[in-house]
1. Are any residues in region 399-418 on the phi > 0 side of the Ramachandran plot, assigned to a helix (DSSP H, G or I) and surrounded by fewer than 23 Cβ atoms within 10 Å (Cβ to Cβ), and if so, which ones?
2. Answer yes if at least one residue in region 295-317 is outside any loop (DSSP other than H, G, I, E, B), within 17 Å of CYS221 (Cβ to Cβ) and at pLDDT below 90, and no otherwise.
3. For a quick check of your reading of the model, give me the residue pairs whose first member lies in region 111-135 and is over 27 Å from GLY165 (Cβ atoms) and within 9 Å of the ligand (Cβ to nearest atom), whose second is of a type in the set (A, V, I, L, M) and modelled with pLDDT of 90 or more, with beta-carbon atoms closer than 7 Å and at least 6 apart or on different chains.
4. Among the strands (runs of 3 or more DSSP E) confined wholly to region 9-101, which include 2 or more residues that are within 10 Å of the ligand (Cβ to nearest atom) and at pLDDT 90 or above?
5. Is it the case that region 72-86 has a residue that's farther than 25 Å from GLU15 by Cα, free of Cβ contacts under 8 Å to residues at least 12 places away in the same chain and of a type in the set (Lys, Arg)?
6. Among the residues of region 250-268, write down those that are assigned to a helix (DSSP H, G or I) and open to solvent by 10 Å² or more (accessible area, probe 1.4 Å).
7. Looking at (1) open to solvent by 60 Å² or more (accessible area, probe 1.4 Å); (2) modelled with pLDDT of 95 or more, find the lone condition where ILE159 falls short.
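The values are calculated or read from the model by the stated rules, or taken from the named source; none is laboratory data. Bear in mind the structure is a predicted one, so any value in this text is a computation, not a measurement. Don't worry about glycine lacking a Cβ; one is built from the backbone with ideal geometry, like all the others, and counts go over all protein chains shown. The protein model used for the area step is the full one, side chains on, heavy atoms only, and it has no ligands, DNA or RNA in it. Shrake-Rupley method; radii C 1.70, N 1.55, O 1.52, S 1.80 Å.
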Amino acid sequence: MTKVITYGTYDFLHEGHLRLLRRAKALGDYLIVGVTAEDFDKSRGKINVGQSLMERVEAIRQTGLADKIIIEEYEGQKIDDIRRYEADIFTVGSDWEGKFDYLNEFCKVVYLDRTEGISSTEIRSHSQELRIGLVGETNIVNKFKNECGYVNGVEISGIYADSPGMLDGELKGMLENTDSYDALLEKSDAVYIASNPKDHYLQVKKAIEKGIHVVCESPICLTTEDFNELHHLASSKGLVLMDGIKTAYSLAFNRMMLLIKGGIIGDVLSVDATCTSLTDISPQNLPSHLWNSICAWGPTALLPIFKILGTDYRQTLRFSKTIQGHDDFDLFTKVSFLYDEGVASMKVGQGVKSEGELVISGTKGYIYVPAPWWKTDYFEARFENPSDNRRFFYQLDGEGIRYMILSFLNLIKGKKAYNQIPSSISSKIIQIVGTV
Ligand code: CTP
């Protein structure tokens, strides 16, 4: 029996793919199709896959041409697969001519003529771009704009901000074309709101009332009553209102959550998260665009606590140090949570520095995520016997922001985003963060 193996992304399966698969099948008796899990196309520098892995696998299954479908998840996997499945022939289209010659060492390599005039890229280019308006003046708006450049299917429609703040040159230039928030909403399908949290409620509400999807830097507003109203308003109109905590969308954070759920460190008894940054502030010098410490860092620090231990804590103990004369600006806040089956603490500072680490303690071991844990691509599972310790590395592109944008886009398209922050967590975050 001659076994043939081939790989591809197979986004929006088209005639070119089908012709290739038919010819690949004809090269032998048994066809293995590898579907690439990766949604990030390194050669183009874009997240450019329109369909989820499940949809792409299903489309291949429905062709009836594949005897076996496998998922390609890591670099170097082709050699492992060829050996594991004892493939005799590796084949791909001629657009890859020469690129896989190194596999000749393991099996025969055949390049099949690519079908001219059709590609997934071309099909994707027909789908309409989502016009995202930006709101705010902090550096995170610059980052968001840049990250949009890595996601297919989105374009920036304009920016609205009360002051130029920390905006880069390009965004400053765009400010002149939008003189009001209404004008921005007029030319947008969705908005990214990163203005001062005090302004979020009205801005989110206005956008939703106009039928516009919203991703808002957490906290979405400052009271749970306001949040319930916004949440229901968005749901009733079939709109997305997404909590913009970038860490929630990063690969390492999501894999860590799965490992904890899978019991790697046993039962979790304690979660301790610290997030701080040093900023040059004083009672005399408090820039208007600067967020207080609990708003700037609270949502991120609370995320692992609520994701792991839930939102049903029994009691909290809180210490805050505010800036003299600015009662709503805390330099530092520590909140301890008491649960029936565990404890947690979050420590945040803006103008106060501490070790920005995350430690999750369990009955079998603990997870250690080094500073700055909210931008992590790496964490460790540590045990009594150090030789059992395990290290985990994951790619982190764009601090997680580009994956947040992708999740937003998918939610708007009606797809499920497995890493979405549930409204119960958004609401609890607001309850803690809203009371300085
Ligand atoms: N293929 C082909 N003819 C086409 C398009 C793709 O023979 N017109 C082949 C590729 O050479 C590859 C397989 O189909 O062996 C899967 O290709 P994939 O990269 O998933 O499809 P493309 O349409 O090339 O996608 P993109 O535009 O994103 O590169």
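1. We begin by selecting, within region 399-418, every residue on the phi > 0 side of the Ramachandran plot; these are 399-400, 414.
Narrowing further to those that are assigned to a helix (DSSP H, G or I): 399-400.
Residue satisfying the conditions is GLU399 alone.
2. Looking for residues that are outside any loop (DSSP other than H, G, I, E, B), within 17 Å of CYS221 (Cβ to Cβ) and at pLDDT below 90, one finds none in region 295-317, hence no.
3. TYR111/VAL92; LEU112/LEU20; LEU112/ALA24
4. Passing ranges, in order: 30-36, 89-93.
5. Yes, region 72-86 contains at least one residue that is farther than 25 Å from GLU15 by Cα, free of Cβ contacts under 8 Å to residues at least 12 places away in the same chain and of a type in the set (Lys, Arg).
6. Residues of region 250-268 assigned to a helix (DSSP H, G or I): 251-261.
Residues satisfying the conditions are LEU251, ASN254, ARG255, MET257, LEU258, LEU259, ILE260, LYS261.
7. All conditions are met except number (1).
Residues checked against (1) in contact with a Leu (Cβ under 9 Å, 6 or more places away or on another chain); (2) under 30 Å from GLN315 (Cβ atoms); (3) not hydroxyl-bearing (Ser, Thr, Tyr):
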site: ASN385; (1), (2), (3): no, no, yes
site: PHE392; (1), (2), (3): yes, no, yes
site: GLU399; (1), (2), (3): no, no, yes
site: ILE405; (1), (2), (3): no, no, yes
site: ASN410; (1), (2), (3): no, no, yes
site: LYS416; (1), (2), (3): no, no, yes
site: ASN419; (1), (2), (3): no, yes, yes
site: SER427; (1), (2), (3): no, yes, no
site: ILE432; (1), (2), (3): yes, yes, yes
